[in-house]
Amino acid sequence: MENLSNNYFNGKTILLTGGAGFIGSSLTKRLLSFGSKVISVDNFISGRKENLVDLLDSNLVSKVENLTFIQADVSQPVVNYLPENVHLDLVLHFASPASPPRYQAKPVETYLVNSIATHYLLDFLINNNPDARFLFAGTSEVYGDPLEHPQKESYWGNVNPNGERSCYDESKRLGETICGVFSRSFRMDTRIVRIFNTYGPNMDPADGRVIPNLITQALKDQPFTIYGNGSQTRSYCYIDDLCEFILRFAAKEGLAGETINIGNPDEFSIIDTAKIISKLVLGHESEINIENKTLPSDDPTRRQPDISKAKTLLEFEPQVNFEAGLKLTIEYFRNLI
Ligand code: UDP
């Protein structure tokens, strides 16, 4: 499989919002290795300084060539935080809490960063760098509790507009709308990547999502917290595969206005997820120790991406299977605990 990403990125100036996040920090490292000049912005609402420890000193000043870090909230006009006279080739808008407990704890920040920040960034580009490309981090949450399975890009979703998850789901949907307006009405090159569940090193062990929770519980020999009966499903993509999809999408010519699902279609129930983690950490998958908890409201019953469009257009499919990716993630968490 040819790597499409590298040449496009060499020498490009890229604004990356959410640069200290789980996905943003991995993208930062790859972009620097491809010779990009990266302006990384984060306000640490959910991003973590630890994720950039190799790249920044304790005052958040870059220790490496071609990286500028700015601590700022991108839900304000871009001129408030971006240095003057920077010519941007590409904006990757990845700032946003993504874990349900985290975005529910910061609902206003969450809906602003996905809506007004998207508007401010595109409004800045149209006035200053109208030829720049803009890639929005969308989400499988736009499908809500899906009535269609697996989910294709053409599916409009089944989302509660006023529930516990709405600050995230609906603002991501509005973010997509804003990208569509700037693409259709103002001919900007906007692209939307719908990201399904992702895991791997640099995930915050305390962020409350299922993979960090279950791995941390296994490592501490605590019971697995299973919400509801655990029959709900998710399809998990390893971080390196996800970044490869994203960078291929950002780099490829001719994809302006496109929306593409990315993820790994291998689907597991939450109970089976716990059993696999038990096997890898504790050496057995039978008689796992469970602490049952209430299923959160609007928790999607099933989720699996249809990635045929990504496979065709981006000429890539996931390379890391669930157990292999989990082993790498478990090692990362083991060193933190
Ligand atoms: N979940 C669980 N135990 C946990 C954390 C999550 O059973 O300790 C369930 C949760 O109810 C959901 C699934 O695992 O059905 C995935 O949750 P996560 O928060 O990782 O992300 P989501 O895909 O719901 O955004």
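The values are calculated or read from the model by the stated rules, or taken from the named source; none is laboratory data. It should be emphasised that the depicted structure is a prediction, and the values quoted were computed from it without experimental measurement. Heads up, the Cβs are rebuilt from the backbone with ideal geometry, glycines too, and the neighbour counts pull from every protein chain shown. Ligands, DNA and RNA are excluded from the accessible area calculation, which covers all protein heavy atoms including side chains. Shrake-Rupley method; radii C 1.70, N 1.55, O 1.52, S 1.80 Å.
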Subject >> Boolean, residue 232 is more than 19 Å from residue 201 (Cα to Cα), buried (at least 16 other Cβ atoms within 10 Å of the Cβ), within 12 Å of the ligand (Cβ to nearest atom) and within 18 Å of the chain's Cα centre (by Cα) >> reply: no
Subject >> Test for residue 212: is it over 17 Å from residue 323 (Cα atoms), at pLDDT 95 or above and within 16 Å of the ligand (Cβ to nearest atom) >> reply: no
**OP:** Within the range 193-209, track down each residue that is near the ligand (Cβ under 10 Å from one of its atoms) and modelled with pLDDT under 95.
**Re:** 207
Original post:
How many residues does the range 184-197 hold that are open to solvent by 10 Å² or more (accessible area, probe 1.4 Å), more than 10 Å from residue 134 (Cα to Cα) and in contact (Cβ under 8 Å) with a residue 60 or more places away in the chain?
Top reply: 5
Original post:
Of all residues in the range 35-45 being part of a loop (DSSP other than H, G, I, E, B) and either over 19 Å from residue 81 (Cα atoms) or among the aliphatic types (A, V, I, L, M) (or both), which is least open to solvent (accessible area, probe 1.4 Å)?
Top reply: 36
Original post:
Which of the residues spanning the range 241-255 are in a helix (DSSP H, G or I) and either in contact with a strand residue (DSSP E or B) (Cβ under 8 Å, 6 or more places away or on another chain) or under 17 Å from residue 194 (Cβ atoms) (or both)?
Top reply: 241, 242, 243, 244, 245, 246, 247, 248, 249, 250
**OP:** Provide a single number: the residues in the range 198-215 that are over 24 Å from residue 144 (Cβ atoms) and open to solvent by 20 Å² or more (accessible area, probe 1.4 Å).
**Re:** 5
Original post:
Which numbered condition trips up residue 335, out of (1) outside any loop (DSSP other than H, G, I, E, B); (2) away from the ligand (no atom under 15 Å from the Cβ); (3) at pLDDT 95 or above?
Top reply: (3)
**OP:** Output the residues belonging to the range 217-229 that are over 19 Å from residue 302 (Cα atoms), surrounded by 19 or more Cβ atoms within 10 Å (Cβ to Cβ) and in contact (Cβ under 8 Å) with a residue 12 or more places away in the chain.
**Re:** 218, 224
Original post:
Hey, any hits in the range 255-273 for a residue that's within 16 Å of the ligand (Cβ to nearest atom) and of a type in the set (Phe, Trp, Tyr)?
Top reply: yes
Subject >> Residues (within 16 Å of the ligand (Cβ to nearest atom) and either polar (S, T, N, Q) or more than 18 Å from residue 45 (Cα to Cα) (or both)) located in the range 67-110 >> reply: 96, 99, 104, 110
**OP:** State whether the residues of the range 168-183 include one that is of a type in the set (S, T, N, Q), over 29 Å from residue 124 (Cβ atoms) and in contact (Cβ under 8 Å) with a residue 60 or more places away in the chain.
**Re:** no
